[in-house]
Amino acid sequence: MHASDGGADWWGLSDESQLALSREALRRASETLAAHAELLAEEMEIGTLCDRGGPDALRLFAAVVRSTSNDELVPHGRA
């Protein structure tokens, strides 16, 4: 959003607010990716998509995405 359209301007937000919004966006993106991987795994299991070892790989991918996007990671630099 731009300041000219009456919305909040990103650069007008405090560093803490920018960081909080960025973390939430990353959390949501990570969960979306993981959910899509789980859905693809289920589709392979029921036969909608060809299974060539995909469900296990997709579940591993989902677990990696979830484990690397937790709040324990410490950001470097400033938002």
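What list of ³J(HN,Hα) values in whole Hz, one per residue of region 44-60 in order, does the Karplus curve 6.51 cos²θ - 1.76 cosθ + 1.60 (θ = phi - 60°) give from phi, with Gly and Pro shown as x?
5, 5, 8, x, 5, 10, 4, 9, 10, x, x, x, 5, 5, 5, 5, 5
Can you tell me the order of 29-35, 48-54 when each peptide is scored by its average per-residue count of other Cβ atoms within 10 angstrom, highest first? Mind dumping the intermediate values first?
On the way: 29-35: 14.9, 48-54: 11.3.
Descending mean neighbour count gives 29-35, 48-54.
Viscosity 1.567 mPa s, temperature 4 °C: give me the Stokes-Einstein translational D for region 23-66 in µm²/s, with Rh taken as the Kirkwood radius over C-alpha pairs. Can you show the working numbers first?
Numbers: Rh = 10.6 Å.
Answer from the Stokes-Einstein relation: 123 µm²/s.
With a Förster radius of 30 Å, plug the Cβ-Cβ distance of Trp10 and Ala63 into 1/(1 + (r/R0)^6) and report the FRET value to the nearest 0.05. Before the final figure, lay out the partial values.
Values: r = 32 Å, r/R0 = 1.08.
Taking R0 as 30 Å, the efficiency between Trp10 and Ala63 is 0.40.
A short reminder: the numbers here are calculations on the coordinates, not readings from a lab. Computed from a predicted model, the values in this text were never measured in an experiment. Methodologically, a virtual Cβ is constructed for each residue, glycine included, from the backbone with ideal geometry; neighbour enumeration extends over all protein chains shown.
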